[in-house]
1. Tell me which residues, restricted to the range 420-432, are assigned to a strand (DSSP E or B) and either surrounded by 14 or more Cβ atoms within 10 Å (Cβ to Cβ) or of a type in the set (D, E, K, R) (or both).
2. Kindly indicate whether residue 536 is at pLDDT 70 or above and either in contact with a strand residue (DSSP E or B) (Cβ under 7 Å, 6 or more places away or on another chain) or in a helix (DSSP H, G or I) (or both).
3. Taking the range 184-206 only, how many residues are acidic (Asp, Glu) and either within 39 Å of the chain's Cα centre (by Cα) or at pLDDT below 95 (or both)?
4. For the range 1-35, enumerate the residues that are farther than 20 Å from residue 96 by Cα and of a type in the set (A, V, I, L, M).
5. For the structure I just gave you, tell me whether residue 240 is surrounded by 22 or more Cβ atoms within 10 Å (Cβ to Cβ) and over 19 Å from residue 326 (Cβ atoms).
6. For the subset of the range 11-29 comprising residues that are in a helix (DSSP H, G or I) and in contact (Cβ under 8 Å) with a residue 24 or more places away in the chain, which member is surrounded by the fewest Cβ atoms within 10 Å (Cβ to Cβ)?
7. Of 59, 66, 32, 41, which residue is crowded, with 20+ Cβ neighbours inside 10 Å and farther than 19 Å from residue 272 by Cβ?
8. Can you name the residue in the range 57-77 that is touching a strand residue (DSSP E or B) at 6+ places or on another chain (Cβ under 8 Å) and not in a loop (DSSP other than H, G, I, E, B) and, of all such residues, is nearest to residue 92 (Cα to Cα)?
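The values are calculated or read from the model by the stated rules, or taken from the named source; none is laboratory data. What you are looking at is a predicted structure, and each value in this text was computed from that prediction instead of being measured. Cβ coordinates were reconstructed from backbone atoms using ideal geometry, including for glycine residues, and neighbour counts include every protein chain displayed.
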Amino acid sequence: MQPDHVRIFDTTLRDGEQSPGATMTSAEKLEVAKTLSRLGVDVIEAGFAAASPDDLRAVKTIAEAVGVTGVEGRPAPEPPTICSLARASKQDIDKAAEAVSPAKHARIHTFIATSPIHREHKLRMTKDQVLEKITEMVTYARGFCEDVEFSPEDAGRTEMEFLYDALQAAIEAGASTLNIPDTVGYMMPGEFGERIAMLRENVPGIERAVISVHCHDDLGLAVANSLAAVVNGARQVEVAVNGIGERAGNASLEEVVMALHVRHDLYGIRSQVDTTQLTRASRLVSKVTGMVVQPNKAVVGANAFAHEAGIHQDGMLKHEETYEIMRPEMVGAGKTQLVLGKHSGRHAFANRLGELGYAVSGDGLDKAFARFKKLADKKKSITDADLVALVSDELYQPTEYWRLDALQVGCGTGMPTATVRLIGPDGNTHTAAEVGTGPVDAVYKAIQELVHVPCSLLEYTVQSVTEGIDALGEVSVRVAPHDDDASTDKLNPQYEHSRARVFHGHGANTDVIVASAKAYLAAINRILALTEGKKADSQAAGSAA
């Protein structure tokens, strides 16, 4: 084994599956095993063959399908080693040997507890009895295959002198890998690293074996402890995709691999894992186990390469390395996301609008950005669809002769009412209240009471721009102006130039009633804009005459 290479031993299918509710079918296990092979892991602990007949079949199926030739796309030239866990008993070892036998590289991983609390309360065995069992069972496993791994369970709480004896017994019986488990996640990085260094110094013959570590995350230190062990000579790390496993889980495969990759300058050690497959593997395991990956999960979380803070976004737009120590493409995560929200700045906002095809600058950008900030205060996540609706609402609104200032509605099984306050062309506020068949009808009647631009509502549509309870509502209306006296069916002379024309309006807001009012006012303002234009043309013609 190369001194600058660390083996990645994946236990997603064994320890990972022991997570409450994470049980996988045989077909799902096989799919995960194929993904792990493509990822390039060195060892796949495919299960606990003695646990049930189905577990034995699953391990054997993986050994046949993945352990003989590997799978297409695997970065390593050799197929992965297929391993089965076994307690220190002949029955367990028999089943493990049967399950992994088809694999080109087969391994039996046997274990027995060594800590005082386990010896006394679980095993009820003396130190000598434990040592005898280690010698007997490792020797027995060695009769089935050359690759035998031994683990002293709860090594983190085992007396050092007894741990030396246990590992020496395993080496003399033929173990080729010695795994040091921090079974209950008790150790601190400094002391765990020191423990590995002490084992290397004090266990005779340990140079003939690979030192492995298996760290649990009860105190959130599984990855840190694993890396501390690597610094002190461990050359196999036992991990699980997404860090799943018993209780708080195991060291996360993706975090260990990327720490070694990104900080190769510090560790000088690499794995053979294809990092571009990490996100795909994470999503598959999440899907088949039903264990959702938290958004802020390192390396593979949804927010791992997402930036919302304005300062961060500005830095990212200027140079990617300002706030990213690895590129999303390195882990197969697509691309960096500049998430627009209430913390975003003008630079990121304008940049995203440009990507969407809207060249906005100057006063138009100021107004659009101000509306964006108001929306961001109401809505947790701003999508591209929200931005399109928002900027369209801003850029394509007519001159605001009348502008919505305030709105209050009451609706239900009684009389729907609306009170509307508008800012008029004179700059003053004007208020009206009306009753309608519904809140929107009441709003429109109140608006008409103030603007005196009679028209018929030809079409009214409302849709949700995005999903969720805080979605942006988008309203579009089409109106046709007409005479106040509906019985004459004649156009008011003031609007005669608008005959046969239909005017549209658009409004967007998280409140669809507000969006409805804005859309209707937009249509009214279009009618007034055309009217004012006609008046201006007439005055210009009169002046010329």
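1. 420, 421, 422, 423, 430, 432
2. no
3. Total meeting the criteria: 2.
4. Within the range 1-35, 1, 6, 8, 22 meet the criteria.
5. yes
6. 26
7. Answer to the check: 59.
8. Across the range 57-77, the extreme among qualifying residues is 59.
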